[in-house]
Amino acid sequence: MFFQLFWTYLKIGTFTLGGGYAMLPLIQREVVDRKGWIDEEEFLNMIALAQAAPGLIAVNSAIFIGWRVGGWKGVCGAVLGAVLPSFCIILAIAMVFSEWKELPAVEAAFKGIRPAVVALIAAPLVKMAKTAKISWLTALIPISAALLIWLGHVNPVWIIIATVVLTLVTIYLRERTTRNS
Amino acid sequence: MLYLQLFISFFKIGLFGFGGGLAILSLIQMEVEQHGWMSQQEFVDIVAVSQVTPGPIGINCATYVGYTATGSVWGSVLTTFAIVLPSLIIMLAVCKAYFWLNRRFQGNPYFEQTLRMLRFTVIGLIAAAALMLIKPANFIDSTSWIIFAAVAFFTVLPNLYQNKVTKIISHPILLIIIAGIAGYCIYG
């Protein structure tokens, strides 16, 4: 089981470009359709849990499926398989990158790439705001969060903790007032 | 000491990284900047490399910082392990309590409302990551802004006109390659 999960995730990890979300359809095809390790419904529950829990979605899903399919050995196999390809590739790049960067051609290319990367980070915000069904009032949350981090240099960790605490307190108070009235 | 600091930083990133790849960027940025492990420019470069190589951005950044900060492969092993460890602890707890959790948390207003609010916060975190990168080091002249506008335009385009052409054009790998070629032609 260790090797089967390791191999499956190694394949998925090697051939998905563009981060965790891009991995999900491939995981579904391998794990649900081809291997039949878990069924469709459990897979959808798994995605919900992997997204709700902190951490990387690809890793979270590897842990869940590894555990359901093969216990501890399954977890080790799936996580190693998911992490190893990017680990090796980036390590190799890190080892040579500082020398490559000195090359005029590479430096020129990166001058063009840097603003493109900032755009690639910023542009999906439009779609995310739409999917989250953001209103003028709820837009205050991301706007104040962004300003606090950007101008106030507040660590995002505090913003996340504040979101959780404020939400829980608000619901608690609201429930208490409705119960009292 | 350096190894301990790296471990704590990446453990924190793994523990508070809600909402996937892009949302985790502002956390990583804050940590590496505070400790001086990476310059803003290096950070953008590694995000670019992450977009065109396989695997989650969080793992890519962890591996890269681990190596460059320590100069050793073990630094990479440590940071990658540190970012995965919170996931391991939390997800295994989730798996063990799967049926109990499903019954207890589905439709629970505290749980669902918190997730909804976190989704809004995450949008702010991603916006902050982008805003923090708008600096002279990354935007060297007016051409940079043209590249920025063009890439943003093509990325948003499939939301307005959904067809095969806009879908291919909006692919981040293609856009990065084109931006690289443009950079080479303009600045090279």
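The values are calculated or read from the model by the stated rules, or taken from the named source; none is laboratory data. Note that the structure is predicted; figures quoted are calculated from it, not measured. Every residue, glycine as well, gets a Cβ built from its backbone with ideal geometry; the counts of neighbours run over all protein chains shown. Calculation scope for accessible area: heavy atoms of the full protein, side chains included, ligands and nucleic acids excluded. Shrake-Rupley method; radii C 1.70, N 1.55, O 1.52, S 1.80 Å.
Output the direction-averaged projected area (hull surface divided by four) of the convex hull of the alpha-carbon atoms of chain B, in nm². Mean projected area for chain B: 13.8 nm², to one decimal.
Ordering A:Ser135, B:Ser50 by accessible surface, largest first, gives A:Ser135, B:Ser50; the 1.4 Å probe counts only protein heavy atoms, with every chain in place. Summary of the geometry: region B:14-73 and region A:71-105, compared by the centres of their Cα atoms, lie 12 Å apart.
Shape descriptor for chain A: Rg over Rh equals 1.06 (Cα atoms; Rh from the Kirkwood inverse mean 1/r).
Estimated at the nearest 10 Å², the accessible area of B:Glu31 is 10 Å² with a 1.4 Å probe.
Highest GNM mean-square fluctuation among B:Ser142, B:Ser26, B:Ser87, for chain B modelled with Cα contacts below 10 Å: B:Ser142.
Would you mind checking A:Lys133/B:Lys12; A:Lys35/A:Lys73; A:Lys35/B:Lys164; A:Lys73/B:Lys96; A:Lys11/A:Lys133 for any pair whose Cα atoms are more than 26 angstrom apart? The answer is A:Lys133/B:Lys12; A:Lys35/B:Lys164; A:Lys11/A:Lys133.
Compared with the dominant Cα axis of chain B, that is its longest principal axis, helix B:57-70 is turned about 80°. Measuring how big region A:103-165 is from its alpha-carbon positions, Rg and Dmax come out at 16.2, 50 Å.
Report D for the protein assembly as shown in µm² per second (integer): Stokes-Einstein, Kirkwood Rh on Cα pairs, 37 °C, 0.692 mPa s. Roughly 154 µm²/s, to the nearest whole number. Give the Debye-formula value of log10 I(q)/I(0) at each listed q (0.18, 0.24, 0.30 Å⁻¹), with one equal scatterer per alpha carbon of region A:41-95, two decimals each. Rounded to two decimals, the profile gives -0.62, -0.89, -1.09. Pairwise Cα distances in region B:108-187 exceed 21 Å in 49 percent of cases. For the options B:Ala129, B:Ala97, B:Ala137, a Gaussian network treatment of chain B with springs between C-alpha atoms closer than 10 Å singles out B:Ala97 as fluctuating the most. Under the rule a/c < 1.5 gives rounded, and otherwise a/b versus b/c splits prolate from oblate, where does region B:2-92 land using the Cα gyration tensor? Because its axes are fairly even, with a/c under 1.5, region B:2-92 counts as rounded. Averaged over the residues of peptide A:64-73, the number of Cβ atoms from other protein chains lying within 10 Å of each residue's Cβ is 2. Using a probe radius of 1.4 angstrom, the carbon and sulfur fraction of the accessible surface of region A:1-153 is 69%. Apolar share of the accessible surface for chain B: 69 percent from carbon plus sulfur atoms, 1.4 Å probe. Inter-chain neighbour count for B:40-52: the average number of beta-carbon atoms from partner chains within 10 Å of each residue's beta-carbon is 5. Counting only heavy atoms of the protein chains and using a 1.4 Å probe, B:Asp141 has close to 60 Å² of accessible surface.
Counting only alpha carbon atoms, the long axis of helix B:21-34 and the longest principal axis of chain B meet at about 90°. To the nearest 10, the accessible area of B:Met30 is 10 Å² with a 1.4 Å probe. Axis of helix B:2-16 versus longest Cα principal axis of chain B: the two differ by about 80°, to the nearest ten degrees. GNM remark for chain A: springs join alpha carbons under 10 Å apart, and the peak mean-square fluctuation among A:Ala50, A:Ala145, A:Ala92 falls on A:Ala145.
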